[in-house]
Amino acid sequence: MNVIVEREKGLLELEQRIEELKSHAAQQPVDMSAEIRALEAKYAEIQREIFGTMTPWQRVHMARHPKRPIGSDYVRALDQFDELHGDRHFRDDHAIVAGFAKLRGRRVVAIAQDKGRDTKEKVFRNFGMPAPEGYRKVIRLVQLADHLGLPVVTFVDTSGADPGIGSEERAQSEAIAQSLFELADARVPIVATIIGEGGSGGALALALADRVLMLEHAVYSVASPEGAAAILWGDAARAEEAATRLKLTSDDLLQFGIADEVIPEPLGGAHRDPSGTVARVLDAVDRALGVLAGVAPDELRERRYRKFRRIGTTGA
Amino acid sequence: MPMPEWLRLRRAQPVPAEEAAQWTKCPKCGTMIYRPDLAANLWVCSTCGHHFRMHAFDRISTLVDGDFTEIGGELIPGDPLGWTDKVSYAQKLQRDREKSQLTEGVVCGFGSIGGFPVALGVMDFNFRGGTMGTVVGERITQLFERARERKLPCVVFTASGGARMEEGMLALMQMAKTTLAVRRFHDEGGYYVSVLTDPTTGGVSASFAFQADVILAEAKAAIGFAGRRVIEQTIRQKLPENFQTAEFLLEKGALDMVVERKDVKSRLVRLLDYGLGGGRPTNGKAAAAPEPAPSERPA
């Protein structure tokens, strides 16, 4: 059960009542504007109360909100997109949507993790958990981007890499390790945006980037809260506690110097204004690409090295 | 730098006196083993061949020819998240330091193996399950950076439960940091051999363990990305016995070779030799290996 969806229920009821009153007022000669204003004020107050300060666990649920914009929404909002499929070895992994694209007029290679919206789509997309062939598609497209001199733009949203038998048989570790190895060497700019959940190595495999952007209510953690609780205490039910301890919010990551920029969301979360949020993200990516465009390839790699090199140097 | 005190002590007396009197039980076949015998057999059960997890110091002392110069030993982890559950992170670290006699989950440094100078990193499961936090990441990174500067091949023995939860995202970022160091080392011609030992999983297997030029695994070692329990819970069925073993991965094509512990050193020496490249004696460049003495040549 999503705690944000639960908290939103009262708000949605209020929203409906305001709408009803408004349409009623339009038809009747009675002045109800005072009543409407009062309800609207109450609505705003509750909204601030719920979303003004959110606990890390609520943030996790915001990042997983069923109506939150997902990878394919970002891909659809690009000026142009030509999907490229497959790892050329085994199969096409539907948890990752990738291809040539134009973003605010720039030619790029876009790579998005996609969780799927409805049940059927979620199954098709394996809930956004890529298998090794997904990461091998990423490797192939990063090589292609490097070959053509196109920047790489990634949209990260996964609870983690797929933990199935087939994924282990096809060496999930090797696929992620090599995806990182490829990103480390790319001579083109890489901009990663954490749009929802950034879960563990399965997320990082798309986020060894020159600029790491994060949506305000996205989370990014060493393991999903459920996974961390299982590892630490053998009890996935203690996920809320893990979420609190892991320091996984955008504020935390900005403070650690892992996220370079936080993109604000509307009050109540990205799903309150999906197209506006997506547009703001694409604008931010465009700005980041603009800054990186003039940097020479060697300098780009040197800066990328230094960006991650300083994280945890003293052990403190 | 001279041989560190701990290494000299290990050499002089591989098993401490109070432990020497003890017997231990093989977890695989149940045979009672006299500890000095176990040490003499490289911590492999002589009855069933079970490979016990090795202490990093023991591993190093069985590999290097003479001196071993440790680097990064002074690095001690902080507590970036201010982590406390049942006990504080600082207490967990202190407990593991005492228990393992290690300062962190990896020992890195320089020595030579079979006459080949190398940069050597050895992880140890005894310290927080060999998990990678900022210090493990930093030591591995420094190892590859120094190896690059000194143009030495790099050998890393991995043993890890993955990223260290108590250091959160700073731990995860060590995957990126070490990757960048390995990549730079690789791009400048560095030769890297990894030896995956039991267990090698999570963030370590998904970064430097699987970025080597040649990847070895010790016999029967558990190797994988997701933990066995996680997979079993996800698919709700028992996994086959050999799942995620070194032999299983070899069969699937993920490893170059599986090696019994007794053969690890000799195999490494052979592999390090190939790393010297194709300098043929006839083209005027220095030959990789000395020509065999005339007396050793077949008649």
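The values are calculated or read from the model by the stated rules, or taken from the named source; none is laboratory data. All values derive from a computational prediction rather than experimental measurement. In this analysis, Cβ positions are derived from the backbone assuming ideal geometry, glycine residues included, and neighbour counts consider all displayed protein chains.
Can you work out which of the residues in the range A:97-128 that are under 13 Å from A:LEU206 (Cβ atoms) and in contact with a Ser or Thr (Cβ under 8 Å, 6 or more places away or on another chain) is surrounded by the most Cβ atoms within 10 Å (Cβ to Cβ)?
Applying the filter and picking the extreme gives A:GLN113.
For the range B:80-118, give me each residue that is of a type in the set (Asp, Glu) and in contact (Cβ under 8 Å) with a residue 24 or more places away in the chain.
Result: B:ASP96, B:GLU104.
This table checks each residue for (1) modelled with pLDDT of 85 or more; (2) in contact with a helix residue (DSSP H, G or I) (Cβ under 6 Å, 6 or more places away or on another chain).
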| site | (1), (2) |
| --- | --- |
| A:ALA25 | no, no |
| A:ALA34 | yes, no |
| A:ALA41 | yes, no |
| A:MET54 | yes, no |
| A:ARG64 | yes, no |
| A:ILE70 | yes, no |
| A:ASP73 | yes, yes |
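Which one of the conditions (1) without any contact (Cβ under 8 Å) to a residue 60 or more places away in the chain; (2) under 29 Å from A:GLY294 (Cα atoms) does A:PHE155 fail to meet, given that it meets all the rest?
The one condition A:PHE155 does not meet is (1).
Confirm whether A:VAL153 is assigned to a strand (DSSP E or B), within 21 Å of the chain's Cα centre (by Cα) and farther than 23 Å from B:PHE210 by Cα. Before you say what the answer is, go through the steps one by one.
Numbers: assigned to a strand (DSSP E or B): yes; within 21 Å of the chain's Cα centre (by Cα): yes; farther than 23 Å from B:PHE210 by Cα: yes.
So A:VAL153 passes the test.
Being in contact (Cβ under 8 Å) with a residue 12 or more places away in the chain, among the β-branched types (Val, Ile, Thr) and more than 15 Å from A:GLY196 (Cα to Cα) is the filter here; which residues of the range A:88-127 pass it?
A:VAL97, A:VAL108, A:VAL109
Do we have B:GLY129 as touching a strand residue (DSSP E or B) at 6+ places or on another chain (Cβ under 8 Å), surrounded by fewer than 23 Cβ atoms within 10 Å (Cβ to Cβ) and modelled with pLDDT of 95 or more here?
The answer is yes for B:GLY129.
What tally of residues in the range B:188-212 results from selecting those that are of a type in the set (Phe, Trp, Tyr), crowded, with 24+ Cβ neighbours inside 10 Å and more than 8 Å from every other protein chain (Cβ to nearest Cβ)?
Adding up the residues that qualify gives 0.
From the residues in the range B:147-187 that are in a loop (DSSP other than H, G, I, E, B) and within 12 Å of another protein chain (Cβ to nearest Cβ), which one is nearest to A:LEU232 (Cα to Cα)?
Going through the qualifying residues, I end up with B:ARG164.
Report, by residue number, each residue of the range A:236-280 that is within 14 Å of chain B (Cβ to nearest Cβ) and hydrophobic (A, V, I, L, M, F, W, C).
A:ALA236, A:ALA237, A:ALA239, A:ALA242, A:ALA243, A:LEU246, A:LEU248, A:LEU253, A:LEU254, A:PHE256, A:ILE258, A:ALA259
Give the number of residues within the range A:183-203 that are at the interface with chain B (Cβ under 9 Å from one of its Cβ atoms) and either over 23 Å from A:PRO66 (Cα atoms) or over 18 Å from the mean Cα position of the chain (by Cα) (or both).
Counting residues in the range A:183-203 that are at the interface with chain B (Cβ under 9 Å from one of its Cβ atoms) and either over 23 Å from A:PRO66 (Cα atoms) or over 18 Å from the mean Cα position of the chain (by Cα) (or both) gives 4.
Quick one: in the range A:128-150, which of the residues that are more than 21 Å from A:ALA218 (Cβ to Cβ) and in contact with a helix residue (DSSP H, G or I) (Cβ under 6 Å, 6 or more places away or on another chain) is nearest to the other protein chains (Cβ to nearest Cβ)? It would help to see each step written out before you state the result.
Within the range A:128-150, the first condition is being more than 21 Å from A:ALA218 (Cβ to Cβ), and the residues that meet it are A:131-133, A:136-137, A:139-150.
Going one step further and asking which of them are in contact with a helix residue (DSSP H, G or I) (Cβ under 6 Å, 6 or more places away or on another chain), we end up with A:131-132, A:136, A:139, A:142.
Working: A:ALA131: 11, A:PRO132: 9, A:ARG136: 13, A:ILE139: 13, A:VAL142: 13 Å.
If we take residues in the range A:128-150 being more than 21 Å from A:ALA218 (Cβ to Cβ) and in contact with a helix residue (DSSP H, G or I) (Cβ under 6 Å, 6 or more places away or on another chain), then A:PRO132 is nearest to the other protein chains (Cβ to nearest Cβ).
Being farther than 29 Å from A:ASP251 by Cα and either buried (at least 24 other Cβ atoms within 10 Å of the Cβ) or out of contact with any Phe, Trp or Tyr (no Cβ under 9 Å at 6 or more places or on another chain) (or both) narrows it down to one of A:SER167, A:SER200, so name that one.
A:SER167
For the range A:12-39, name all the residues that are surrounded by 12 or more Cβ atoms within 10 Å (Cβ to Cβ) and under 25 Å from A:GLU216 (Cα atoms).
A:GLU15
If you check B:ARG128, B:ARG59, B:ARG95, which single one turns out to be away from chain A (no Cβ under 14 Å) and either within 18 Å of the chain's Cα centre (by Cα) or closer than 16 Å to B:ALA171 by Cα (or both)?
B:ARG59
Looking at B:LEU250, B:LEU216, B:LEU271, can you tell me which residue is part of a strand (DSSP E or B), surrounded by 15 or more Cβ atoms within 10 Å (Cβ to Cβ) and within 19 Å of the chain's Cα centre (by Cα)? Can you show your working first?
Details: B:LEU250 fails: part of a strand (DSSP E or B); B:LEU271 fails: part of a strand (DSSP E or B).
Of the residues listed, the single one that is part of a strand (DSSP E or B), surrounded by 15 or more Cβ atoms within 10 Å (Cβ to Cβ) and within 19 Å of the chain's Cα centre (by Cα) is B:LEU216.
Identify all residues within the range A:257-280 that are within 17 Å of A:LEU213 (Cα to Cα) and in a loop (DSSP other than H, G, I, E, B); write none if there are none.
Once the filter is applied, which keeps residues that are within 17 Å of A:LEU213 (Cα to Cα) and in a loop (DSSP other than H, G, I, E, B), the range A:257-280 yields A:GLY257, A:ILE258, A:ALA259, A:ASP260, A:PRO264, A:GLU265, A:PRO266, A:GLY269.
Can you tell me how many residues in the range A:281-316 are more than 14 Å from chain B (Cβ to nearest Cβ) and assigned to a helix (DSSP H, G or I)?
Residues meeting the conditions: 14.
Filter the range B:220-243 for residues that are more than 7 Å from chain A (Cβ to nearest Cβ), under 26 Å from B:THR179 (Cα atoms) and assigned to a loop (DSSP other than H, G, I, E, B) and give the result.
B:ALA221, B:GLY227
Report, ordered by the first and then the second residue, all pairs with beta carbons closer than 8 Å, sequence separation of six or more or different chains, a first member in the range A:19-44 that is not assigned by TED's automatic domain parsing to the domain that holds A:LEU267, and a second member that is of a type in the set (Asp, Glu) and part of a helix (DSSP H, G or I).
Once the first residue is not assigned by TED's automatic domain parsing to the domain that holds A:LEU267 and sits in the range A:19-44, its partners that are of a type in the set (Asp, Glu) and part of a helix (DSSP H, G or I) give A:LEU21/A:GLU35; A:TYR43/A:GLU15.
Residue check, B:THR134 against (1) out of contact with any helix residue (DSSP H, G or I) (no Cβ under 7 Å at 6 or more places or on another chain); (2) buried (at least 24 other Cβ atoms within 10 Å of the Cβ); (3) of a type in the set (Ser, Thr, Tyr), all met but one. Which one?
(1)
Exactly one of (1) in a strand (DSSP E or B); (2) crowded, with 17+ Cβ neighbours inside 10 Å; (3) of a type outside the set (Lys, Arg) is unmet by A:TYR135. Its number?
(1)
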